[in-house]
Amino acid sequence: MPYAILLFLHLVAAAFWVGGMATMHFAVRPAAVATLEPPLRLRTMAAALRRFFVGVDASVTLLFVSGVSMILLAGGFRSVHWRIEAMMSIAIVMAGIYVYIRASVFKALRRAVEESAWPVAAARLNTVRKLVSLNLALGVAVFAVATIGRAG
């Protein structure tokens, strides 16, 4: 697959993941808090996150496949600029955080919502919010490394 196509797929996947986190964090969640009572808000957020995470699953997979493919096309890690190693390192941390959210915290949130355990669900959603905030900051850092890092 040509490098330009891999780069395009990589950028689309990154934009979906980081942009989606920003949308959920700065628009969807505050709107839900402002307009919905806790049980409905928690159900809505769990449903929205479930749908978003399907796309994130695909994006994370595509990011790693396209990223590693581009590194291999460039001759491997020994041949790439320091910023590629930095982006990969941050991406591994982000993916680990996402896997923890998806496999543990989100699963507990969904279970609490199904059981109408609203205080537990709220606590789990707050944990998701904090971890997404961290991942969003890391995602912005990757964009900074990718663009500003090109200069040096």
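The values are calculated or read from the model by the stated rules, or taken from the named source; none is laboratory data. Here the structure is a predicted model, which means the values were calculated and not measured. Every residue, glycine among them, receives a Cβ derived from its backbone with ideal geometry; neighbour counts consider all protein chains shown. Only protein heavy atoms, including side chains, enter the accessible area calculation; ligands, DNA and RNA are left aside. Shrake-Rupley method; radii C 1.70, N 1.55, O 1.52, S 1.80 Å.
Annotation: PHE8 fulfils all but one of (1) open to solvent by less than 40 Å² (accessible area, probe 1.4 Å); (2) at pLDDT 95 or above; (3) more than 19 Å from ALA137 (Cα to Cα); the unmet one is (1).
From the list VAL18, VAL54, the lone residue that is of a type outside the set (S, T, N, Q) and open to solvent by 60 Å² or more (accessible area, probe 1.4 Å) is VAL54. In summary, PRO30 fulfils each of the numbered conditions (1) in contact (Cβ under 8 Å) with a residue 12 or more places away in the chain; (2) open to solvent by less than 80 Å² (accessible area, probe 1.4 Å) with the single exception of condition (1). Within region 93-118, the set of residues being touching a residue at least 60 places away in the same chain (Cβ under 8 Å) and among the basic types (Lys, Arg) comprises just one member, ARG110. Note on region 119-136: residues that are without any contact (Cβ under 8 Å) to a residue 24 or more places away in the chain, among the hydrophobic types (A, V, I, L, M, F, W, C) and open to solvent by 60 Å² or more (accessible area, probe 1.4 Å) total 1. Listed by first and then second residue, the pairs with beta-carbon distance under 8 Å, at least 6 apart or on different chains, first residue in region 2-17 and within 17 Å of ILE90 (Cα to Cα), second open to solvent by less than 50 Å² (accessible area, probe 1.4 Å) and not in a helix (DSSP H, G or I), form an empty list.
Here the condition is being small (Gly, Ala, Ser), modelled with pLDDT under 95 and part of a helix (DSSP H, G or I); of ALA137, ALA108, ALA146, it holds for ALA146 alone.
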